[in-house]
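Have a look at the structure below, then the notes.
The values are calculated or read from the model by the stated rules, or taken from the named source; none is laboratory data. Only a predicted model underlies this, so the values are computations on that prediction, with no experimental measurement involved. Here the Cβ is made from the backbone with ideal geometry for all residues, glycine too, and neighbour counts use every protein chain on show.
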Amino acid sequence: MDTYVVDTHALAWFVSEDKRLSPRATHILSQAEAGEVQVLIPTLVLAELTHIAQKKRVTVTIEKLLEKIDRGDGFTIVSFDFLIFQKMLQLPETWDIHDRIIAATTTYYQAILITRDDVLRDSSKLKTVWD
């Protein structure tokens, strides 16, 4: 079974059914709902999503997010722990701290990152999908 990590905006757009989510990302996240693939959700992504939802920067409620995660058989929450922290230290210091943690999670789990972020997509250190 393929394993993916989802970044904050991709998850927010999936939950809110936003058209900015690419067809490929939509397909993968829908597969996770059906339990056909594994999508890991870093705790940092949940924290970021909570923050931007409370600031009304996205049209997602935390309740809708949690309901979507609970219903999907292929979603798993993963913590930011010491092993991921160590991976984060190996990534470029010029990257945003949030990007470094999400990328470190992806690296640690040897997963594919679902992201629209050009910095992460252009990195030779990560496998990513979007289009």
Handout entry: Test: residue in the stretch 98-115 that is charged (D, E, K, R) and either at pLDDT below 95 or touching a Phe, Trp or Tyr at 6+ places or on another chain (Cβ under 9 Å) (or both)
Key = no
Practice task
Please work out which residue is farthest from V37 (Cα to Cα), limiting yourself to the stretch 66-89 and to residues that are of a type outside the set (G, A, S) and in contact with a Ser or Thr (Cβ under 8 Å, 6 or more places away or on another chain).
Solution key: K87
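Go through the stretch 2-17 and give me each residue that's without any contact (Cβ under 8 Å) to a residue 60 or more places away in the chain and outside any helix (DSSP H, G or I).
Scanning the stretch 2-17 gives a single hit, E17.
Among the residues of the stretch 48-91, write down those that are part of a helix (DSSP H, G or I), modelled with pLDDT of 95 or more and within 20 Å of D18 (Cα to Cα).
Within the stretch 48-91, none qualify.
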Fill in the blank from the handout: Taking the stretch 18-39 and keeping residues assigned to a loop (DSSP other than H, G, I, E, B) and touching a helix residue (DSSP H, G or I) at 6+ places or on another chain (Cβ under 9 Å) leaves D18, K19, R20, L21, S22, E36, V37
Completion exercise
Per the filter on the stretch 92-131, residues assigned to a helix (DSSP H, G or I) and not hydroxyl-bearing (S, T, Y) are I97, H98, D99, R100, I101, I102, A103, A104, D118, V119, L120, R121
Practice task
Would you mind stating whether E36 is acidic (D, E) and either farther than 12 Å from Y4 by Cα or under 13 Å from the mean Cα position of the chain (by Cα) (or both)?
Solution key: no
